[in-house]
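Quick one: structure below, then a few questions.
The values are calculated or read from the model by the stated rules, or taken from the named source; none is laboratory data. Note that this is a predicted model, so its numbers are computed, not measured. Cβ placement follows ideal geometry from the backbone for every residue including glycine, while neighbour counts extend to all protein chains displayed.
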(Lines give C-alpha, C1' and ligand atoms only; values in the text may rest on other atoms or scores of the structure.)
Protein backbone atom coordinates (compact mmCIF):
# COMPACT_ATOMS: atom_id res chain seq x y z
CA UNK A 1 0.00 0.00 0.00
CA UNK A 2 1.49 3.30 -1.12
CA UNK A 3 1.65 5.85 1.69
CA UNK A 4 1.96 9.56 2.18
CA UNK A 5 2.98 10.57 5.70
CA UNK A 6 2.54 13.91 7.41
CA UNK A 7 2.87 15.02 11.00
CA UNK A 8 -0.68 15.66 12.18
CA UNK A 9 0.28 18.65 14.31
CA UNK A 10 -0.92 21.03 15.42
CA UNK A 11 2.07 23.06 14.33
CA UNK A 12 2.05 26.43 16.07
CA UNK A 13 4.01 29.26 14.44
CA UNK A 14 4.16 32.95 15.47
CA UNK A 15 2.75 35.45 13.04
CA UNK A 16 5.41 36.68 10.65
CA UNK A 17 7.62 33.60 11.04
CA UNK A 18 8.26 30.82 8.54
CA UNK A 19 6.02 27.76 8.75
CA UNK A 20 7.60 24.52 7.51
CA UNK A 21 5.40 21.58 6.62
CA UNK A 22 6.85 18.22 5.67
CA UNK A 23 5.63 15.16 3.81
CA UNK A 24 7.25 11.84 2.97
CA UNK A 25 6.03 9.31 0.43
CA UNK A 26 6.74 5.65 -0.13
CA UNK A 27 6.40 5.26 -3.91
CA UNK A 28 9.73 5.98 -5.65
CA UNK A 29 7.91 6.18 -8.97
CA UNK A 30 5.79 9.18 -7.96
CA UNK A 31 6.16 12.15 -10.31
CA UNK A 32 3.58 14.73 -9.24
CA UNK A 33 3.30 16.40 -5.85
CA UNK A 34 0.63 18.73 -4.58
CA UNK A 35 -0.15 20.82 -1.52
CA UNK A 36 -3.78 21.55 -0.70
CA UNK A 37 -5.04 23.87 2.00
CA UNK A 38 -8.27 23.07 3.81
CA UNK A 39 -10.00 25.45 6.18
CA UNK A 40 -12.19 23.89 8.84
CA UNK A 41 -15.49 22.74 7.32
CA UNK A 42 -14.42 23.70 3.81
CA UNK A 43 -13.17 21.81 0.79
CA UNK A 44 -9.47 21.45 -0.09
CA UNK A 45 -7.97 23.96 -2.51
CA UNK A 46 -4.71 23.59 -4.40
CA UNK A 47 -1.99 26.04 -3.40
CA UNK A 48 1.16 24.51 -4.90
CA UNK A 49 2.26 21.72 -7.17
CA UNK A 50 5.77 20.58 -8.07
CA UNK A 51 7.10 18.00 -10.51
CA UNK A 52 10.89 18.51 -10.48
CA UNK A 53 13.54 18.29 -7.81
CA UNK A 54 14.37 21.58 -6.17
CA UNK A 55 12.36 24.61 -5.11
CA UNK A 56 9.32 26.24 -6.61
CA UNK A 57 8.19 29.60 -5.31
CA UNK A 58 4.82 31.29 -5.60
CA UNK A 59 4.39 34.41 -3.51
CA UNK A 60 4.84 33.53 0.15
CA UNK A 61 4.78 29.81 -0.61
CA UNK A 62 7.75 27.61 -1.57
CA UNK A 63 7.46 23.92 -2.37
CA UNK A 64 10.60 21.83 -2.09
CA UNK A 65 11.02 18.39 -3.61
CA UNK A 66 13.75 15.83 -3.01
CA UNK A 67 12.98 12.64 -4.90
CA UNK A 68 16.11 10.84 -3.70
CA UNK A 69 14.99 11.24 -0.09
CA UNK A 70 11.31 10.95 -1.00
CA UNK A 71 10.13 14.05 0.75
CA UNK A 72 8.32 17.18 -0.23
CA UNK A 73 7.91 20.24 1.93
CA UNK A 74 5.99 23.48 1.96
CA UNK A 75 7.38 26.70 3.40
CA UNK A 76 5.11 29.61 4.20
CA UNK A 77 6.99 32.88 4.71
CA UNK A 78 5.63 35.80 6.72
CA UNK A 79 2.90 33.58 8.19
CA UNK A 80 -0.49 35.22 8.64
CA UNK A 81 -3.44 34.20 10.85
CA UNK A 82 -5.32 33.45 7.62
CA UNK A 83 -2.78 30.68 6.95
CA UNK A 84 -4.21 28.71 9.89
CA UNK A 85 -5.65 25.61 8.25
CA UNK A 86 -4.94 21.96 7.57
CA UNK A 87 -2.42 21.33 4.79
CA UNK A 88 -2.77 18.16 2.76
CA UNK A 89 0.11 16.65 0.85
CA UNK A 90 -0.93 14.66 -2.22
CA UNK A 91 1.22 12.45 -4.43
CA UNK A 92 0.44 10.55 -7.58
CA UNK A 93 0.97 6.80 -7.55
CA UNK A 94 3.94 6.28 -9.81
CA UNK A 95 2.73 3.33 -11.83
CA UNK A 96 -0.80 4.67 -12.15
CA UNK A 97 -1.32 8.12 -13.55
CA UNK A 98 -4.97 7.99 -12.49
CA UNK A 99 -4.28 7.65 -8.76
CA UNK A 100 -3.64 10.43 -6.27
CA UNK A 101 -2.87 9.56 -2.65
CA UNK A 102 -3.49 12.10 0.11
CA UNK A 103 -1.70 12.39 3.40
CA UNK A 104 -3.80 12.87 6.52
CA UNK A 105 -2.82 16.50 6.76
CA UNK A 106 -0.97 18.80 9.15
CA UNK A 107 -2.92 21.33 11.20
CA UNK A 108 -1.17 24.70 11.20
CA UNK A 109 -1.98 27.36 13.75
CA UNK A 110 -0.54 30.84 13.34
CA UNK A 111 -0.27 32.63 16.66
CA UNK A 112 -1.19 36.36 16.48
CA UNK B 1 -18.08 30.33 -12.92
CA UNK B 2 -16.08 27.10 -13.06
CA UNK B 3 -17.21 24.86 -10.27
CA UNK B 4 -18.08 21.47 -8.89
CA UNK B 5 -21.55 21.41 -7.40
CA UNK B 6 -22.55 18.88 -4.77
CA UNK B 7 -25.97 18.41 -3.25
CA UNK B 8 -27.16 18.24 -0.60
CA UNK B 9 -24.77 20.07 1.74
CA UNK B 10 -26.13 18.27 4.79
CA UNK B 11 -28.06 15.01 4.96
CA UNK B 12 -29.41 13.05 7.90
CA UNK B 13 -30.91 9.67 7.17
CA UNK B 14 -31.63 6.32 8.77
CA UNK B 15 -29.99 2.97 8.30
CA UNK B 16 -31.06 1.20 5.12
CA UNK B 17 -32.76 4.09 3.36
CA UNK B 18 -31.26 4.49 -0.10
CA UNK B 19 -29.80 7.88 -0.90
CA UNK B 20 -28.00 9.66 -3.71
CA UNK B 21 -25.53 12.52 -3.46
CA UNK B 22 -25.27 14.43 -6.71
CA UNK B 23 -22.13 15.92 -8.22
CA UNK B 24 -21.91 18.05 -11.33
CA UNK B 25 -19.02 19.96 -12.94
CA UNK B 26 -19.18 22.61 -15.65
CA UNK B 27 -15.54 22.50 -16.76
CA UNK B 28 -15.76 19.64 -19.26
CA UNK B 29 -13.41 17.62 -17.06
CA UNK B 30 -12.86 13.98 -17.89
CA UNK B 31 -11.75 12.85 -14.43
CA UNK B 32 -14.17 12.79 -11.50
CA UNK B 33 -13.78 11.21 -8.09
CA UNK B 34 -15.50 10.75 -4.74
CA UNK B 35 -13.72 10.96 -1.39
CA UNK B 36 -14.76 10.59 2.18
CA UNK B 37 -13.00 12.43 4.98
CA UNK B 38 -12.98 11.18 8.54
CA UNK B 39 -11.08 12.54 11.57
CA UNK B 40 -7.67 10.93 11.83
CA UNK B 41 -8.07 9.08 8.52
CA UNK B 42 -7.75 11.89 6.02
CA UNK B 43 -9.20 11.84 2.51
CA UNK B 44 -9.89 8.38 1.19
CA UNK B 45 -10.96 7.69 -2.35
CA UNK B 46 -14.23 5.82 -2.85
CA UNK B 47 -14.65 5.62 -6.63
CA UNK B 48 -13.34 7.50 -9.61
CA UNK B 49 -14.06 7.85 -13.30
CA UNK B 50 -11.66 8.65 -16.11
CA UNK B 51 -14.46 9.24 -18.63
CA UNK B 52 -18.08 8.54 -19.49
CA UNK B 53 -19.07 4.95 -18.72
CA UNK B 54 -15.64 4.26 -17.16
CA UNK B 55 -15.55 3.88 -13.38
CA UNK B 56 -13.08 2.22 -11.01
CA UNK B 57 -12.90 1.42 -7.33
CA UNK B 58 -10.82 3.52 -5.05
CA UNK B 59 -9.58 2.51 -1.62
CA UNK B 60 -12.91 2.24 0.21
CA UNK B 61 -15.63 1.30 -2.32
CA UNK B 62 -17.67 -1.08 -0.14
CA UNK B 63 -21.26 0.06 0.32
CA UNK B 64 -21.16 2.63 -2.48
CA UNK B 65 -22.12 2.75 -6.14
CA UNK B 66 -21.44 5.33 -8.82
CA UNK B 67 -22.40 5.93 -12.42
CA UNK B 68 -21.04 8.16 -15.18
CA UNK B 69 -23.69 8.36 -17.87
CA UNK B 70 -22.83 11.94 -18.76
CA UNK B 71 -19.50 13.70 -18.64
CA UNK B 72 -20.66 16.40 -16.22
CA UNK B 73 -22.42 14.23 -13.63
CA UNK B 74 -21.05 11.65 -11.20
CA UNK B 75 -23.61 10.70 -8.54
CA UNK B 76 -22.72 8.69 -5.44
CA UNK B 77 -25.31 6.12 -4.40
CA UNK B 78 -25.64 4.47 -1.02
CA UNK B 79 -28.07 1.59 -1.53
CA UNK B 80 -28.35 0.68 2.15
CA UNK B 81 -26.55 3.24 4.30
CA UNK B 82 -25.08 2.19 7.63
CA UNK B 83 -23.82 4.30 10.55
CA UNK B 84 -20.18 3.66 9.58
CA UNK B 85 -20.85 5.66 6.41
CA UNK B 86 -21.39 8.78 8.48
CA UNK B 87 -18.73 11.07 7.07
CA UNK B 88 -17.90 14.22 5.12
CA UNK B 89 -17.99 13.48 1.39
CA UNK B 90 -16.27 15.40 -1.37
CA UNK B 91 -16.63 15.17 -5.10
CA UNK B 92 -13.67 16.35 -7.19
CA UNK B 93 -12.79 16.72 -10.85
CA UNK B 94 -9.77 17.46 -12.99
CA UNK B 95 -8.96 17.74 -16.68
CA UNK B 96 -7.79 14.16 -16.82
CA UNK B 97 -6.47 14.48 -20.35
CA UNK B 98 -4.51 11.54 -21.66
CA UNK B 99 -5.81 9.28 -18.93
CA UNK B 100 -3.90 11.04 -16.18
CA UNK B 101 -4.95 13.06 -13.19
CA UNK B 102 -1.70 14.89 -12.61
CA UNK B 103 -3.38 18.24 -12.54
CA UNK B 104 -5.27 20.37 -10.09
CA UNK B 105 -8.27 18.75 -8.45
CA UNK B 106 -11.34 20.96 -8.11
CA UNK B 107 -13.44 20.02 -5.10
CA UNK B 108 -17.10 20.45 -4.42
CA UNK B 109 -18.18 22.09 -1.17
CA UNK B 110 -18.82 18.77 0.54
CA UNK B 111 -21.75 16.78 1.89
CA UNK B 112 -21.95 16.05 5.59
CA UNK B 113 -23.83 12.76 5.90
CA UNK B 114 -25.16 11.35 9.15
CA UNK B 115 -26.64 7.86 9.17
CA UNK B 116 -28.65 7.10 12.32
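Scan the range B:73-83 and tell me whether some residue there is part of a strand (DSSP E or B), out of contact with any strand residue (DSSP E or B) (no Cβ under 7 Å at 6 or more places or on another chain) and surrounded by 13 or more Cβ atoms within 10 Å (Cβ to Cβ).
In the first step, residues of the range B:73-83 are kept if they are part of a strand (DSSP E or B); the result is B:73, B:76-78.
Among the residues that remain, those that are also out of contact with any strand residue (DSSP E or B) (no Cβ under 7 Å at 6 or more places or on another chain) are: none.
So far as the range B:73-83 goes, no, none of its residues is part of a strand (DSSP E or B), out of contact with any strand residue (DSSP E or B) (no Cβ under 7 Å at 6 or more places or on another chain) and surrounded by 13 or more Cβ atoms within 10 Å (Cβ to Cβ).
Which of the numbered conditions does residue A:30 fail, given that it passes all the others? Conditions: (1) over 16 Å from residue A:73 (Cβ atoms); (2) within 14 Å of chain B (Cβ to nearest Cβ); (3) not in a strand (DSSP E or B).
(1)
Can I ask one more? Of the conditions (1) more than 20 Å from residue A:87 (Cβ to Cβ); (2) at the interface with chain A (Cβ under 8 Å from one of its Cβ atoms), residue B:42 fails just one. Which one is it?
All conditions are met except number (1).
Here are the criteria: (1) loosely packed, with under 15 Cβ neighbours inside 10 Å; (2) within 24 Å of residue A:39 (Cβ to Cβ); (3) in contact with a strand residue (DSSP E or B) (Cβ under 9 Å, 6 or more places away or on another chain). Tell me which single one residue B:46 does not satisfy.
Looking at each condition in turn, residue B:46 falls short on (1).
While we're on this one: Give the range A:33-62 a look and list any residue that's without any contact (Cβ under 8 Å) to a residue 40 or more places away in the chain, in a loop (DSSP other than H, G, I, E, B) and within 12 Å of another protein chain (Cβ to nearest Cβ), or say none.
A:41, A:42, A:43, A:51
What tally of residues in the range A:17-32 results from selecting those that are surrounded by 13 or more Cβ atoms within 10 Å (Cβ to Cβ), farther than 15 Å from residue A:108 by Cα and touching a residue at least 60 places away in the same chain (Cβ under 8 Å)?
Counting residues in the range A:17-32 that are surrounded by 13 or more Cβ atoms within 10 Å (Cβ to Cβ), farther than 15 Å from residue A:108 by Cα and touching a residue at least 60 places away in the same chain (Cβ under 8 Å) gives 5.
Inspect the range B:58-81 for any residue being at the interface with chain A (Cβ under 10 Å from one of its Cβ atoms) and either at pLDDT below 95 or over 29 Å from residue A:49 (Cβ atoms) (or both) and give the result as yes or no. Can you show your working first?
Step one: list which residues in the range B:58-81 are at the interface with chain A (Cβ under 10 Å from one of its Cβ atoms), which gives B:58-59.
Next, only the ones that are either at pLDDT below 95 or over 29 Å from residue A:49 (Cβ atoms) (or both) stay: B:58-59.
Looking for residues that are at the interface with chain A (Cβ under 10 Å from one of its Cβ atoms) and either at pLDDT below 95 or over 29 Å from residue A:49 (Cβ atoms) (or both), one finds at least one in the range B:58-81, hence yes.
When you scan the range A:98-105, do you find a residue that is in contact with a helix residue (DSSP H, G or I) (Cβ under 7 Å, 6 or more places away or on another chain) and farther than 24 Å from residue B:94 by Cβ, even just one?
Checked against the condition, which is being in contact with a helix residue (DSSP H, G or I) (Cβ under 7 Å, 6 or more places away or on another chain) and farther than 24 Å from residue B:94 by Cβ, the range A:98-105 yields no hits at all.
Follow-up question, since we're still on this one. Are any residues in the range A:49-66 modelled with pLDDT under 95 and closer than 13 Å to residue A:91 by Cβ, and if so, which ones?
Scanning the range A:49-66 gives A:49, A:50, A:51.
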